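Let me begin by presenting the structure, written as structure tokens, before commenting on it.
The values are calculated or read from the model by the stated rules, or taken from the named source; none is laboratory data. As the structure is a prediction and not an experimental result, all values here were calculated from the model. Here the Cβ positions follow ideal geometry from the backbone for every residue, glycine too, while neighbour counts run over all protein chains shown. All accessible areas refer to the heavy atoms of the entire protein, side chains included, with ligands and DNA or RNA removed. Shrake-Rupley method; radii C 1.70, N 1.55, O 1.52, S 1.80 Å.
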Amino acid sequence: MISKLLIRSSVSATKEQPTQQKPLSKRDTASNHLPTGESSHGVQVAHCQRHPAPSLLAILLLVSGCDNLERYHSAVASTLEQRLCFKRHIIDDSGAGADGVHMTDVNQDGYQDVVSGWEESRELKLYLHPGAGVQKNGAQWTQVDIRGGQDVISIEDAAFADLDLDGSTDAVVSVTEGKGRKINRRVRIHYWDRSKPLTDPARWEGSVLIADVPTDRFMKVRVAQIDGKNGADLVVASRDLIEYNGLTKETNIKGGIFLYSSPQIDHITKGKDWKRIRLADIHKGKSIELLDMDGDEDIDILYAGARNIGWLKNPGTVDIEQKWENNWIGSASDLAVCDVDADGKLDIVATASAKEYPIVARWFKRLGVDGKGWRAHDIRIQAELDTRFYRPDHFSLKSIACGHFRPNTDGSGPVDVAITTSGSGYGIFVALAPVSAGWDNHAAWTFAPIEEYEWVMKYDNILALDMDDDGDDDLLTTEENEGLFFQGAGVLWYENQPCQ
């Protein structure tokens, strides 16, 4: 139930020099046991414990042997030995198809709680942080069914909300994509009476927003005060609704970004009283961040699609329905916001296409306060990694988070990025930022896998935060395809701990 992976790698201290490489299509590193030793390229790998493979292909995992990570092309002038040690903890693995996580301190006890939807087993659960000692084996997260009578099959995302803007969380909002013969494409709110126990499922109620409007394949939802009136508003992203007409595919409904404007606070739980405004088209909504992008003190919408990222400028509260200016940032996908180069300005990191390997992501440096100037930098890992015939090289890059994952850091300085994937490969890995590299497109980042190779896996969005209050960044995510009958590993957090 708990796995531990130790990685020691070298981090470039100078700008990488050109090297001759084999074709870049080989990007698989495969390691169940990683032998200790230094390769000819100056990369050290520590022994790793093999955890029981949870997939139907466990026998293959057991006979696949121990491979040596010896294909790194680093050519560094000097190195800094570095080990990352993460321990997997399972918050919940009882359902099927855990899909996404969001965090806030619901019960105001000083610890971050979690909400997650389960796509196949039709669940929406709140997980209350157990407090001090969360890292101990057997620490239990209190689970609460918060559906409030709603059918959430095919749920894609859920997020905490303070609908009445009084400073306390009072709801969770969810979106369902809908697929298969049972159509369920809805935006919902799930709310609780704060005068009653939070942990009583009977105290939670749910409602569908604007149930009579034609439905979309909803993918993402976030909550903030956008239009300057009433309660909190919702921003929702969908994807193209494509159906077959005989043998021909047709896009029946284009994906979009929508503003759900809230009614008066005493009507906020009445779904029919909300108002929906379409703001922009998007092929497939992947990420939403709500923040002031241009320093004018209102909330704008930063979004990511399958291939592009951009932001929508809030036109102001006088006429929220007028055209929202769409500002393109660059070519990338799932995104996160952080100060990458520690210059005091918020930048953006976003995943690349797997076809661009060894480029795994990009970071976009903010050039001005108006949010309209950005410089793209590739996040390119320094390795061409060995491929074996029994370990196919086929994965997609999913989600990204910023954090300080190396030991002996005080939370300052350039950040590293954690990335999730789906398919066959390494479900979670960290790209360690180059040391004193000048932050140009040529400096390589160091690849450090956090999960071992898997034939079938699908990790979703990932968050970096200090889960156990020990001063370093841990990781929180979900996995929805591992295990018997592919029900998934569930809701997971990874403890960043000192290496022994």
With Ile146, Ile90, Ile153 as the choices, which residue is on the phi < 0 side of the Ramachandran plot, surrounded by fewer than 22 Cβ atoms within 10 Å (Cβ to Cβ) and at pLDDT 95 or above? Ile90
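Give the residue that is least open to solvent (accessible area, probe 1.4 Å), with candidates limited to residues of the range 449-469 that are farther than 16 Å from Ile400 by Cα, in contact (Cβ under 8 Å) with a residue 24 or more places away in the chain and out of contact with any Ser or Thr (no Cβ under 8 Å at 6 or more places or on another chain).
Met467
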Can you work out which of the residues in the range 298-348 that are under 26 Å from Gly228 (Cα atoms) and hydroxyl-bearing (Ser, Thr, Tyr) is surrounded by the most Cβ atoms within 10 Å (Cβ to Cβ)? Tyr303
Would you pick out the residues in the range 473-491 that are modelled with pLDDT under 90 and surrounded by fewer than 24 Cβ atoms within 10 Å (Cβ to Cβ)? Asn481, Glu482, Gly483, Leu484, Phe485, Phe486, Gln487
Of all residues in the range 126-148, which are closer than 18 Å to Arg194 by Cα and either outside any loop (DSSP other than H, G, I, E, B) or small (Gly, Ala, Ser) (or both)? Leu126, Tyr127, Leu128, Thr142, Gln143, Val144, Asp145, Gly148
Kindly indicate which of Tyr453, Tyr459 is modelled with pLDDT under 90 and not small (Gly, Ala, Ser). Tyr453
Can you list residue pairs whose Cβ atoms sit under 6 Å apart, with the first residue in the range 141-154 being over 8 Å from Leu126 (Cβ atoms) and the second being hydrophobic (A, V, I, L, M, F, W, C) and crowded, with 21+ Cβ neighbours inside 10 Å? Count only pairs 6 or more apart in sequence or on different chains. Trp141/Ile91; Arg147/Leu124; Gly148/Trp204; Val152/Leu124
Restricting the range 149-161 to residues that are of a type outside the set (Phe, Trp, Tyr) and not in a loop (DSSP other than H, G, I, E, B), the residue that is nearest to Asp227 (Cα to Cα): Ala161
Could you identify the single residue in Asp227, Asp164 that is open to solvent by less than 60 Å² (accessible area, probe 1.4 Å), closer than 21 Å to Asp281 by Cα and assigned to a loop (DSSP other than H, G, I, E, B)? Asp227
List the number of the failed condition for Arg222; all other conditions in (1) among the basic types (Lys, Arg); (2) touching a Phe, Trp or Tyr at 6+ places or on another chain (Cβ under 7 Å); (3) at pLDDT 95 or above hold. (2)
Restricting the search to the range 203-224, which residues are small (Gly, Ala, Ser) and in a loop (DSSP other than H, G, I, E, B)? Ala211
Could you go through the range 175-186 and let me know if any residue there is farther than 23 Å from Met467 by Cβ, modelled with pLDDT of 95 or more, more than 24 Å from the chain's Cα centre (by Cα) and not in a loop (DSSP other than H, G, I, E, B). no
Please identify the pairs in which a residue from the range 92-107 that is closer than 14 Å to Gly131 by Cα has its Cβ atom under 8 Å from the Cβ atom of a residue that is hydroxyl-bearing (Ser, Thr, Tyr) and open to solvent by 10 Å² or more (accessible area, probe 1.4 Å), counting only partners at least 6 apart or on another chain. Thr104/Thr169; Asp105/Tyr111; Asp105/Thr169; Val106/Thr169
Restricting to the range 179-224, what's the tally of residues that are out of contact with any Lys or Arg (no Cβ under 9 Å at 6 or more places or on another chain), open to solvent by less than 60 Å² (accessible area, probe 1.4 Å) and hydroxyl-bearing (Ser, Thr, Tyr)? 1
